[in-house]
Structures are given as structure tokens and as C-alpha cells.
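Each remark here refers to the structure printed beneath this line.
What follows draws every value from the coordinates through simple rules; no lab data is involved. Predicted model only: the values in this text are computed from it and were never measured. Reconstructed Cβ throughout: ideal geometry from the backbone, glycine too, with neighbour counts over all protein chains shown.
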Amino acid sequence: MITLLAPSLQERVIHLIQKRTKLPVSKLKPTAHLYQDLGLDALQIVEIIWDLEKRFQVEIPDDVPLQTVCDFIHFLATQGK
């Protein structure tokens, strides 16, 4: 019998960012800076936030500092997602 494990929160967040940005998964390391390393602009980040809010049914306040991929993961983890 094969047991399938649910993807981790990190895998789900990285997949969502990859789907939105079309960047290779290999670039989407948790420590990757959204602007400097990934070259994302403000609109792309807002779209990622909208996608995450919809997918995880949370509201991400404007004052949450989101500089890296890990910042998204950490925020969602603290929300119990």
C-alpha cells in the first residue's frame, strides 16, 4: 500500500508563487528575496498575496513585512494553515 502525504506548507506556497510568476521552482528558495533575488514587482507581490488569501482563507494585513518566500510561509504557519 502506498501512503500519500499532503504537501507541506512550504511546498504549497512555493507552488502557488511558481504558478503566478512562472519562475523555475529552483529559484524559489525560502530565503529568496522577492524583489532582489526574484525580481518581482509590487503588482506581482499583491497578486501573490491575493492568491494566498484565497487559497488559505486568511487575510494578510498590509503591515505584515513580506520580503522573502519564507515570510509568506511563516505568516501562514502562525495562522494555523
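Values for this structure:
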{"read-out": "Acute angle (nearest 10 degrees) that the helix 69-78 long axis makes with the longest principal axis of the chain, alpha-carbon atoms", "value": "60 degrees"}
{"read-out": "Between 0 and 90°, nearest 10: helix 42-56 axis offset from the chain longest Cα axis", "value": "30 degrees"}
{"read-out": "Listed candidates [x] 62, 45, 18; [y] 46, 27, 19; [z] 63, 26, 21 - label of the one calculated as Cα extents along the principal axes in Å", "value": "[y]"}
{"read-out": "Cut-off under 5 Å, modelled amide H: who pairs with Thr68 long-range", "value": "Leu34"}
{"read-out": "Sequence-separation-based contact order of the chain, relative, with Cα cut under 8 Å and 6+ spacing, percent", "value": "36 percent"}
{"read-out": "Distance between modelled label sites at Lys29 and Glu11, nm, 7 Å Cα→Cβ extension", "value": "2.1 nm"}
{"read-out": "Nearest 10 degrees, 0 to 90: helix 9-21 Cα axis against the chain principal axis", "value": "50 degrees"}
